[in-house]
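The values are calculated or read from the model by the stated rules, or taken from the named source; none is laboratory data. Just so we're clear, the structure is a prediction, and the values are computed from it rather than from any experiment. All Cβ positions, glycine included, derive from the backbone under ideal geometry; neighbour counts span all protein chains shown.
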Amino acid sequence: MTELQKTPARAAAPAGGGEPYLSVRDLRIHFDTDDGLVRSVDGVSFDLAKGRTLGIVGESGSGKSVTSLGIMGLHRSKRARITGEIRLDGEDLVAAGPDRVRELRGREMAMIFQDPLTAMHPYYTVGQQIVEAYRVHHPQATKKQARARAVEMLDRVGIPQPDRRVDDYPHQFSGGMRQRAMIAMALVNDPSLLIADEPTTALDVTVQAQILDLIRDLQEEFGSAVIIITHDLGVVAELADDILVMYGGKCVERGPAETLFDSPEHPYTWGLLGSMPRLDRELQERLVPVKGTPPSLINVPSGCAFHPRCPYAALTGGRSTEETPGLTEVAPGHHAACHLALSERHRIFTEEIAPRL
Amino acid sequence: MFAYIIRRILAAAVLLLVVSAVTFAIFFLLPRLAGETVDQLATQYIGKNPSPDAIAAVKKNLGLDQPLYTQYWNFLKGLVSGAEYKFGPEPATCHVPCFGYSFKNHLEVWPELSKRIPVTLSLAIGAATLWLVSGVATGVVSALRPRSIFDRISMGIALAGVSLPVFFTGALLLTVFSYEWPILDNLQYVNFTDDPLMWARNLILPWISLAFLYSALYARLTRAGMLETMSEDYIRTARAKGLAERKVVTRHGLRAALTPIVTIFGMDLGLLLGGALITEQVFSLQGVGQFAVQAISDNDLPKILGTTLLAAFFIVLCNLVVDLLYAAVDPRVRLS
């Protein structure tokens, strides 16, 4: 256990150099439910510097959304038990009171949600909602100033005729426009951390790329740190500098995006890559799904949570069912949690996995 | 928005017309289909064993011998422009809106009926204010702390409120506050314009007993609605902005949860304005409900017709107001 807790702390050096803006250490978010303790997030650590983008990838129920809600302090449930450290610019948010976190929310850290239609209030105009977000943290601003700011932000995210569209209701916007408005609302206070939770999942494919471009452009402009949460490896390939793969509430692999795509170490990551359609490779007969279903977060499988679905579990000599693998550094900045011997892993990857990708 | 209002008002007017035609048909066509003759109808105006001449005179003067559609047309005309009846020795004017003449006391229906409206209006508005405020407040607090002690107790009381009829709670309140400890005895309806304090004092018990029933319902409705809206994505967005929880609840949660409440409130209020029968009976209030009961037991068709139309009018009016409120509250209604 001590081994397990030490490893992530040591391993998580800031990837972009300099002090990390956001530093998460051994974050655990557990929920007490009638059915038992749900370990939604179970010991996740990472660092993120300003100007860098971290992609968190995983299936539904892998804990990626709960991680982001935990950072924002939005895991609103009295049954939630949160431990570990979330340092935002040096300040520990886990230890901070809810009022302090609320002050930071929307000002220092902002979030974009999956479905912009349900995420915006249907009874208020887009402008009113952006103005509200601005004035919470700028109480001295007049309504006129706030409105001017809203128009400016709508213009910034590429909404045509922003001075007119500002008075429209969300249902009068198209899906892509709504997500742009959502982004405008999130960025209205110049936050240093932007969390995008599946920002393109609910959108038309043709619009997805535009939104991702927009997020990248705005990040360059504002220099903020971005966390992008997705189950779509294509999205992280587009945006992320670093990638964190989550499975069963734990981080199973973490590293620079290029390394992770070129030489993934964890069998689960192989599975994810194998199930992703690629146009830049030869056509496969079929995409290979990861067999089985995501684990229950109440009865997480013993040992390595992935072992019931792992085709190579037998090669670990029983360790995968008994011992929880810790993250180990396999290359500079690249960590994986797998019991397979390094040489074995590399052999399997080059012989069996790589040709199929 | 303007076109929407006009459309709604026109629809309400058409609806009223249909209701009046159906009601008229029920009262004047159905008895005939059931075998009642025009003579028997006319007899009810004069009393027992009338002479054939008298019957003929009544039939002619009240137009009962004319075809039904003419009678209906005259009825409608009377509503908007009044009518003249040669009833008895002197010609009598039936003023606008003319609902016709009562069989029993040979009086115009409307003045009798309209005297009752302030009583029912006072009862309904007072009770409605009470139950809306208490019901919604209870529902919101319960929804914010589901399964807390407050939630369990208030929902228990709400269940009792829904189950207990007014003739029980009303009688109980009367026994306790008017007879055992006569704090509120001698309850007589006093006009608001005459003495607002006495008006409120004498109506407080009926208000409470009526509001108890409804606030229970509204508390449960609000609780369910709030539980649903508070788990909406836009509530999470509101929190993500850093809004204070109080604002999240009122500006974002309650605003959306109130829409269905407004609809039901309009219906309930409209229904009550047509007469709160049991409450009026228990507290001896001479309201529209009592008037209707009297008319039915007297078999006084024009009175029954008048009350029915008045009740229908209130329901249509309240629904119209609800529709307009809806458009003001929910921008999506306006444009569709």
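Summary table
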| read-out | value |
| --- | --- |
| Residue match in the stretch A:214-225 (condition: among the β-branched types (Val, Ile, Thr), in a strand (DSSP E or B) and modelled with pLDDT of 90 or more) | no |
| Tally, over the stretch A:283-331, of residues that are under 27 Å from the mean Cα position of the chain (by Cα) and part of a helix (DSSP H, G or I) | 4 |
| Residue ID - modelled with the highest pLDDT, chosen from residues in the stretch A:79-116 that are closer than 17 Å to A:Met185 by Cβ and touching a Lys or Arg at 6+ places or on another chain (Cβ under 6 Å) | A:Gly106 |
| Every residue from the stretch B:94-125 that is under 30 Å from B:Ala219 (Cβ atoms), surrounded by fewer than 22 Cβ atoms within 10 Å (Cβ to Cβ) and of a type outside the set (A, V, I, L, M) | B:Pro118 |
| Odd one out for A:Thr67 among (1) under 21 Å from A:Met182 (Cβ atoms); (2) among the polar types (S, T, N, Q); (3) within 13 Å of chain B (Cβ to nearest Cβ) | (3) |
| Candidates A:Thr259, A:Thr269 - the one that is assigned to a helix (DSSP H, G or I) and in contact with a Gly (Cβ under 9 Å, 6 or more places away or on another chain) | A:Thr259 |
| Enumeration of residues in the stretch B:240-270 that are part of a helix (DSSP H, G or I), within 8 Å of chain A (Cβ to nearest Cβ) and aliphatic (A, V, I, L, M) | B:Ala240, B:Ala256 |
| Residue within the stretch B:312-333 that is acidic (Asp, Glu), in contact with a Ser or Thr (Cβ under 9 Å, 6 or more places away or on another chain), touching a residue at least 60 places away in the same chain (Cβ under 8 Å) and within 14 Å of chain A (Cβ to nearest Cβ) present | yes |
| Per-region count, the stretch A:183-224, residues more than 14 Å from chain B (Cβ to nearest Cβ), among the hydroxyl-bearing types (Ser, Thr, Tyr) and under 19 Å from A:Ser65 (Cα atoms) | 1 |
| Residues located in the stretch A:235-259, provided they are touching a helix residue (DSSP H, G or I) at 6+ places or on another chain (Cβ under 9 Å), closer than 15 Å to A:Ala49 by Cα and not aliphatic (A, V, I, L, M) | A:Asp241, A:Asp242 |
| Among (1) within 30 Å of A:Gly63 (Cβ to Cβ); (2) within 13 Å of chain B (Cβ to nearest Cβ); (3) buried (at least 22 other Cβ atoms within 10 Å of the Cβ) - the single one A:Val235 does not satisfy | (2) |
| The stretch B:126-148, residues that are assigned to a helix (DSSP H, G or I) and either touching a strand residue (DSSP E or B) at 6+ places or on another chain (Cβ under 7 Å) or surrounded by fewer than 16 Cβ atoms within 10 Å (Cβ to Cβ) (or both) | B:Thr129, B:Val133, B:Ala137 |
| From B:Thr237, B:Thr222, residue being out of contact with any strand residue (DSSP E or B) (no Cβ under 9 Å at 6 or more places or on another chain) and either surrounded by 23 or more Cβ atoms within 10 Å (Cβ to Cβ) or assigned to a helix (DSSP H, G or I) (or both) | B:Thr222 |
